[in-house]
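The values are calculated or read from the model by the stated rules, or taken from the named source; none is laboratory data. Everything numeric in this text was worked out from a predicted model, so none of it was measured. Here the Cβ is made from the backbone with ideal geometry for all residues, glycine too, and neighbour counts use every protein chain on show.
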């Protein structure tokens, strides 16, 4: 009688990286819950302050990050098939999208800092800059991982690439995008 083969399924990347991802998302969840609590306590002040945000800018950054997730998926797919040239191209495009996000966010920060003066808006913008600044820090870490991945792919003489590193990088990048998909509607739309 044939024994069924046991297929071990696990999350992509390293299990220790998943501890980091879940820990990061838990910290963001606490910040977002605190923001929501204070928003309920002062809905008019938060709504007034929120009117200073550009929904178009937030939407554009959301679109950029969604495209970057797509190009990251294409990178992983190409690497799984051993196609280094398109993998390098799509990794570079993902990095470019990350740089576009950073540029838009820095421009948005400079516009907001020149407008925000009244004390009534301080509480909202404290949370805004804390949440988006922490997210921006995560983008920068993700960019470092992506640049390292691009270097790693570019220096390979064969089509063999350490897929654990690829998956850790991809999962981190997708986590950062997921966090933005939670931050954007909470800060810009509700």
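Determine, yes or no, whether residue 21 is at pLDDT below 95, surrounded by 18 or more Cβ atoms within 10 Å (Cβ to Cβ), within 30 Å of residue 154 (Cβ to Cβ) and touching a helix residue (DSSP H, G or I) at 6+ places or on another chain (Cβ under 6 Å). Show your work before the answer.
Details: at pLDDT below 95: yes; surrounded by 18 or more Cβ atoms within 10 Å (Cβ to Cβ): yes; within 30 Å of residue 154 (Cβ to Cβ): yes; touching a helix residue (DSSP H, G or I) at 6+ places or on another chain (Cβ under 6 Å): yes.
Criteria met by residue 21.
For every residue, the table says whether it meets (1) surrounded by fewer than 19 Cβ atoms within 10 Å (Cβ to Cβ); (2) more than 21 Å from residue 50 (Cα to Cα).
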{"residue": "96", "(1), (2)": "yes, yes"}
{"residue": "100", "(1), (2)": "yes, yes"}
{"residue": "123", "(1), (2)": "yes, no"}
{"residue": "137", "(1), (2)": "yes, yes"}
{"residue": "161", "(1), (2)": "yes, yes"}
{"residue": "172", "(1), (2)": "no, yes"}
{"residue": "178", "(1), (2)": "yes, yes"}
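Need pairs with beta-carbon distance below 7 Å; first residue on the phi > 0 side of the Ramachandran plot and touching a residue at least 60 places away in the same chain (Cβ under 8 Å) and within the stretch 44-65, second crowded, with 18+ Cβ neighbours inside 10 Å and in a helix (DSSP H, G or I); sequence gap 6+ or separate chains.
none
Out of all the residues in the stretch 148-159, which are part of a helix (DSSP H, G or I), touching a helix residue (DSSP H, G or I) at 6+ places or on another chain (Cβ under 9 Å) and surrounded by fewer than 15 Cβ atoms within 10 Å (Cβ to Cβ)?
148, 154
Quick one: residue 126 ticks every box in (1) within 18 Å of the chain's Cα centre (by Cα); (2) without any contact (Cβ under 8 Å) to a residue 24 or more places away in the chain; (3) farther than 24 Å from residue 20 by Cα bar one, so which box is it?
(1)
Please determine whether any residue of the stretch 9-16 is at pLDDT below 85 and more than 30 Å from residue 151 (Cβ to Cβ).
yes
Quick one: how many residues across the stretch 161-190 are touching a residue at least 40 places away in the same chain (Cβ under 8 Å), over 19 Å from residue 74 (Cβ atoms) and not in a helix (DSSP H, G or I)?
0
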